[in-house]
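The values are calculated or read from the model by the stated rules, or taken from the named source; none is laboratory data. Values in this document were obtained by computation on a predicted structure and should not be read as measured data. FYI the Cβ positions are ideal-geometry reconstructions off the backbone, even for glycines, and counts take in every protein chain you see. Keep in mind that these areas ignore ligands, DNA and RNA; they rest on the heavy atoms of the full protein, side chains included. Shrake-Rupley method; radii C 1.70, N 1.55, O 1.52, S 1.80 Å.
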Amino acid sequence: MSKRKHEETAVSTKKPKTSGHWAKGLLQTMKDPEFVVNSDDSVTIIRDAYPKAEFHYLVLPMEDISSLKAVKKEHLSLLEHMEAVANDLIREDKHKHKDFKLGYHAEASMLRLHLHVISDDMNSACLKTKKHWNSFNTAFFINSTDVVQSLKQNGRVVLPGREQCKKFMEQQLQCHKCDYKPKNMPDLKGHILKHLRK
DNA sequence: GTTCTAGAAC
DNA sequence: GTTCTAGAAC
């Protein structure tokens with residue numbers, strides 16, 4: 001036997017092309033018909049390539065807005081439109097029996113502003129780490145309505161600072177539906193199954 | 001953002 | 001010995 005790792009022969013599960021820096025991945029996914037759910041003149045909706053719940057979509061503007069930090073008051077109607085499009089999506093029949101959260105991460109890793117549209121089951125094989133959990137289930141996740149309100153009131157989106165974000169990510173694991181405090185991720189992933197209601 | 005894996009935690 | 005987390009990735 002050679003020392004080389006065995007060749008992967010199985011067809012890999014669909015992944016978006018990842019040419020260029022990983023932070024630009026969403027820009028590629030936006031162009032991939034496999035992931036695009038819907039779009040109009042100003043926004044595109046895609047399925048998240050690594051969904052953290054049974055339903056997990058992203059709404060992205062066509063305009064090259066890198067993140068919440070780059071959002072200006074002239075983007076107000078765009079952000080309102082992103083929220084409206086997200087609300088239309090979750091009213092579709094296939095989502096009827098699910099509750100959804102609409103919001104932004106306080107600090108995003110991936111380029112291009114994106115609104116998360118995620119069912120609140122948090123039941124997914126892609127949800128693996130404490131950071132994953134806390135990014136959707138602490139104040140690190142900012143509801144779209146609050147982002148829009150902040151933009152209206154301040155002319156920009158007021159965000160928690162770097163240290164505050166770090167604290168959110170290090171927060172003790174907490175079930176989002178009851179007072180249970182899981183001892184680790186496998187414990188949490190087992191626990192949330194009890195709350196499933198499809 | 002994910003993958004991989006060393007070494008901490010159990 | 002096995003499970004689990006957290007940090008590097010050129």
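Against the numbered list (1) in contact with a strand residue (DSSP E or B) (Cβ under 9 Å, 6 or more places away or on another chain); (2) exposed (fewer than 14 other Cβ atoms within 10 Å of the Cβ); (3) under 19 Å from A:C165 (Cβ atoms), A:Y104 comes up short only at (2).
Looking at this structure, is A:C178 more than 16 Å from DNA strand B (Cβ to nearest atom) and in a loop (DSSP other than H, G, I, E, B)? In short, yes. None of A:S144, A:S135, A:S119 is crowded, with 18+ Cβ neighbours inside 10 Å, within 13 Å of DNA strand B (Cβ to nearest atom) and small (G, A, S) except A:S135.
How many residues, within the stretch A:135-175, are in a helix (DSSP H, G or I), more than 16 Å from the chain's Cα centre (by Cα) and β-branched (V, I, T)? The qualifying residues number 1. Pairing each residue of the stretch A:129-150 that is over 20 Å from A:L113 (Cβ atoms) with any residue that is more than 16 Å from DNA strand C (Cβ to nearest atom), provided the two are 6+ apart or on different chains, yields C-beta distances under 6 Å for A:N137/A:H176. Here is a check on your reading of the model: is A:S42 under 18 Å from the mean Cα position of the chain (by Cα), open to solvent by less than 70 Å² (accessible area, probe 1.4 Å), modelled with pLDDT of 95 or more and closer than 27 Å to A:F100 by Cβ? So A:S42 fails the test. Please verify whether A:L159 is open to solvent by 40 Å² or more (accessible area, probe 1.4 Å), touching a strand residue (DSSP E or B) at 6+ places or on another chain (Cβ under 8 Å) and either more than 13 Å from DNA strand B (Cβ to nearest atom) or among the hydrophobic types (A, V, I, L, M, F, W, C) (or both), treating the condition exactly as stated. Yes: the conditions hold for A:L159.
Scanning the stretch A:54-82 for residues that are part of a loop (DSSP other than H, G, I, E, B) and either polar (S, T, N, Q) or in contact with a helix residue (DSSP H, G or I) (Cβ under 8 Å, 6 or more places away or on another chain) (or both) gives A:F55, A:E63, A:I65, A:S66, A:S67, A:V71.
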